[in-house]
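What follows is calculated from the coordinates using simple rules that are stated; it is not laboratory data. These numbers come from a predicted model, not from an experiment. FYI the Cβ positions are ideal-geometry reconstructions off the backbone, even for glycines, and counts take in every protein chain you see.
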Amino acid sequence: MIGFALFFLVGGLLFFVMAVVLVLINIIIISSWKIYQKAGYEGWECLIPIYNYLVFLKIIGKPWYWLLLLIVPIFNIVVYVWGLNLLSKRFGKDLGFTLGLLFLPYFFFPILAFGNAKYRPEEQS
């Protein structure tokens, strides 16, 4: 009897965790889709692995070979944070918004995507 109760408790908890993870993944995907559209690209381009990074590099105004820098351990973290900073600058945001994108992405990516921020391709990095 206790075995069945424990089984259903663990199963319910697992289902809840998976549901939360799916919601969080969808928040990032939908926000990325909208950010790519705001930048003048197709939304589906955010879904293709590796290609989405190439498009992201175009959005932030960096060359394609920056993709290779994402392979280097430790340095990839620096490149990612730098990329988020350049992304927020391209949309007219400041360092505080970059920190929000880094530490609270589930709140700040939707703000960037659905807020009134406009993409500025000519913005200097």
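Taking the chain as the reference, fit the longest principal axis to its C-alpha atoms, fit the long axis of helix 105-114 to the helix C-alpha atoms, and give the angle between the two in degrees, 0 to 90, nearest 10. Compared with the principal axis, the helix lies near 50 degrees. This model, with +1 at the C-beta of Lys and Arg and -1 at the C-beta of Asp and Glu, gives segment 2-114 a dipole about its Cα centre of some 300 debye. The HN-Hα couplings worked out from phi for segment 72-81 by the Karplus form 6.51 cos²θ - 1.76 cosθ + 1.60 (θ = phi - 60°) are 6, x, 6, 5, 5, 5, 4, 5, 5, 5 Hz, whole numbers, x standing for Gly and Pro. Note on the chain: Cα convex hull, mean projected area over all directions, 9.7 nm². Here the residues Leu86, Leu6, ranked from fewest to most Cβ neighbours within 10 Å of their Cβ, fall in the order Leu6, Leu86. Short-range pairs are left out: with C-alpha atoms under 8 Å and at least six residues apart, the relative contact order of the chain is 25 percent. Which residue, chosen from Phe114, Ile29, Ile2, occupies the Cα position most advanced towards the positive end of the dipole of the chain, where the dipole is computed from +1 (Lys, Arg) and -1 (Asp, Glu) charges on Cβ about the Cα centre? Going by the Cα projections, it comes out as Phe114. Angle of helix 2-38 to the longest C-alpha principal axis of the chain, folded into 0 to 90 degrees and rounded to 10: 20°. Residue-wise HN-Hα couplings along segment 39-47, as the Karplus relation 6.51 cos²θ - 1.76 cosθ + 1.60 with θ = phi - 60° gives them from phi, are 7, x, 10, 6, x, 5, 5, 7, 8 Hz; Gly and Pro carry x.
Placing R0 at 35 angstrom, the Cβ-Cβ distance between Ala5 and Phe103 gives a FRET efficiency of 0.35 after rounding to 0.05.
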